[in-house]
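Worksheet for the structure shown next.
What follows draws every value from the coordinates through simple rules; no lab data is involved. For clarity, every value in this text was computed on a predicted model and none was experimentally measured. As a convention, Cβ positions derive from the backbone with ideal geometry for all residues, glycine included, and neighbour counts pool all protein chains shown.
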Amino acid sequence: MSATSPGTGRRIWLRTLAILVAGIAAVVALVAFLNLRGESAADEVAASGPPSAETIERGAYLARVGNCVGCHTTPGGPDYAGGRGIETPFGTIYASNLTSDPETGIGDWSAGEFWRAMHNGRSKDGRLLYPAFPYPNYTQITREDSDAIFAYLQSQPPAVRPNRPHALRFPYGLQASLAVWRALYFRPAAFEPDPAQPADWNRGAYLVRSLGHCGACHSPRNFLGAVAPASEFTGGPLSAGAWYAPSLKAAEEAGVGRWEIGDIVALMQTGQSPQASTIGPMAEVVFRSTQHLSEADLRAMAVFLKALPPQPAAADDGAEPSAASLEQGRAVYEAQCAQCHGDEGEGAPGAYAPLAGTRAITMASSANVVRMILDGGFTPSTTGNPRPYGMPPFAHSLGNADIAAVASYIRNAWGNQAAQVSALEVMRYR
């Protein structure tokens with residue numbers, strides 16, 4: 001039996017260390033390569049000369065399509081000056097200043113640098129951007145549209161507002177962590193029209209998938225916050241679970257495959273249609289964005305959404321409410337809700353939403369029902385519905401048990417059928 005000499009053991013250790021270092025270097029190089037792919041497109045030079053009035057006007061329209069002001073404006077603050085916090089499961093992302101201020105905004109950016117942010121998710125100074133800024137969708141925007149939006153933002157008055165640092169938990173706030181995420185889940189892309197589809201379908205697909213970034217909300221995300229292509233538009237939680245963006249493919253949730261095109265347009269244009277009305281975050285989207293879109297673009301989006309392949313919603317495997325809970329909920333409903341929504345949940349056309357047979361009430365997720373009871377709210381004020389009726393909040397007057405009971409009741413009365421809502425769920429949504 002022979003013993004390994006000290007020199008041999010040292011050589012084995014050094015060889016192992018060298019292999020390990022080489023492996024780490026290879027992984028780092030691969031991550032760097034994957035984060036730099038497509039960067040050459042960002043260096044393309046746009047047309048020289050100042051933008052025309054038509055380009056700026058078109059940029060304003062496209063900014064409305066993307067609802068840029070919605071995230072990049074704090075309540076009561078200057079438009080596009082940033083500072084609004086976006087809650088994520090990893091912490092809070094604060095939207096940046098997009099005004100023409102050269103110190104705290106993007107006044108000293110070029111159109112190419114703005115395009116690189118939109119297409120590649122990289123800032124002027126080279127920092128990687130977090131996908132709360134939905135560049136995984138915006139990457140499909142054309143250079144022409146990006147330049148028009150940039151021209152519009154540059155035409156807006158500057159607002160001096162330093163960007164607020166993000167408040168992310170370790171290790172999500174590290175650029176290295178973000179680089180690994182991008183290597184796994186992000187690749188710059190261009191919108192490719194489907195030659196088998198008509199022009200309006202392709203226009204709708206471009207608006208919905210890229211600038212409108214509908215899938216950023218209406219899709220589930222994995223534990224690292226990425227959307228799998230196969231699950232696009234199948235619904236997902238918002239604002240760290242406070243709201244639920246329903247599936248755009250499931251007829252039981254927000255799928256519109258059985259709707260008339262005109263009804264889909266009406267919902268995006270006014271916030272109301274014969275089948276549904278918008279509340280919560282979607283009401284803000286209608287208010288700030290879709291009501292301002294052209295009839296042609298709304299119809300194109302409707303054509304695309306109507307043609308999405310149907311996919312059943314996730315099964316609701318929650319417990320049935322007890323008789324005692326339903327009786328408690330019925331008493332709360334009669335005292336607090338029936339005056340507006342009717343004894344049989346029929347509502348009042350044009351004023352109070354019906355609750356009987358309404359799919360928003362019976363979705364597997366109870367988040368939106370509970371949130372509306374807690375906070376109240378309005379459908380959006382639009383040209384087609386300038387004075388919408390609202391619902392008062394009940395968070396201050398009803399306890400968790402009563403809210404859980406009345407939510408369970410309306411989800412199971414008048415032919416509705418859904419799982420019970422527990423007091424613990426209500427407490428979590430509070």
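In table form, for the structure just shown:
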{"item": "Under 13 Å, Cβ to Cβ, from Arg182 - net charge with Lys/Arg +1 and Asp/Glu -1", "result": "+3"}
{"item": "In degrees, nearest ten, helix 295-306 long axis to first principal axis of the chain (Cα)", "result": "90"}
{"item": "Nearest 10 degrees, 0 to 90: helix 400-410 Cα axis against the chain principal axis", "result": "70"}
{"item": "Helix 261-270 axis, angle to the chain major axis (alpha carbon atoms, nearest 10°)", "result": "90"}
{"item": "Gain upon complete extension [Glu327, Ala251; 0.36 nm per residue less C-alpha separation]", "result": "24.4 nm"}
{"item": "Rounded to whole Hz, the Karplus (6.51, -1.76, 1.60) HN-Hα couplings of region 215-224, x for glycine and proline", "result": "x, 5, 9, 8, 9, x, 10, 7, 5, 9"}
{"item": "Packing-based exposure ordering (other Cβ within 10 Å, fewest first) of Tyr206, Tyr352", "result": "Tyr352, Tyr206"}
{"item": "Residue exposure sequence - Tyr172, Tyr152 - by fewest surrounding Cβ within 10 Å", "result": "Tyr172, Tyr152"}
{"item": "Cα centre as origin, Lys/Arg/Asp/Glu Cβ charges: the chain dipole, Debye", "result": "1620"}
{"item": "Rg ratio (alpha-carbon, reference 2.2 N^0.38 Å) - region 211-337", "result": "1.22"}
{"item": "Calculated log₁₀ intensity ratio I(q)/I(0) where the Debye formula runs over C-alpha points of region 294-333, q = 0.29, 0.34 Å⁻¹", "result": "-0.95, -1.00"}
{"item": "Cleavage-rule hits, GluC sites (Glu not before Pro), region 217-255, DSSP coil, Cβ neighbours within 10 Å at most 14", "result": "none"}
{"item": "Pair Val69, Asn222: separation of 7 Å Cα→Cβ label points (nm)", "result": "3.8"}
{"item": "Span per principal axis, largest first, for the Cα atoms of region 50-148 (Å)", "result": "40, 30, 27"}
{"item": "Loop trypsin sites (Lys or Arg not before Pro), region 137-207 (other Cβ atoms within 10 Å of the site Cβ: 16 or fewer; DSSP)", "result": "Arg169"}
{"item": "Dimensionless Rg over Rh [region 94-146; C-alpha; Kirkwood]", "result": "0.94"}
{"item": "Identified option (computed mean projected area of the Cα convex hull in nm²; candidates [x] 22.3; [y] 29.4; [z] 25.1)", "result": "[y]"}
{"item": "Summed residue charge, Cβ within 15 Å of Ala324's Cβ, Lys/Arg positive, Asp/Glu negative", "result": "-2"}
{"item": "Cα centroid separation, region 168-233 to region 254-320 (Å)", "result": "20"}
{"item": "Neighbour-count order for Ser231, Ser366, fewest beta carbons within 10 angstrom listed first", "result": "Ser231, Ser366"}
{"item": "For Asn97, net neighbour charge (Lys/Arg +1, Asp/Glu -1) across residues whose Cβ lies under 13 Å away", "result": "0"}
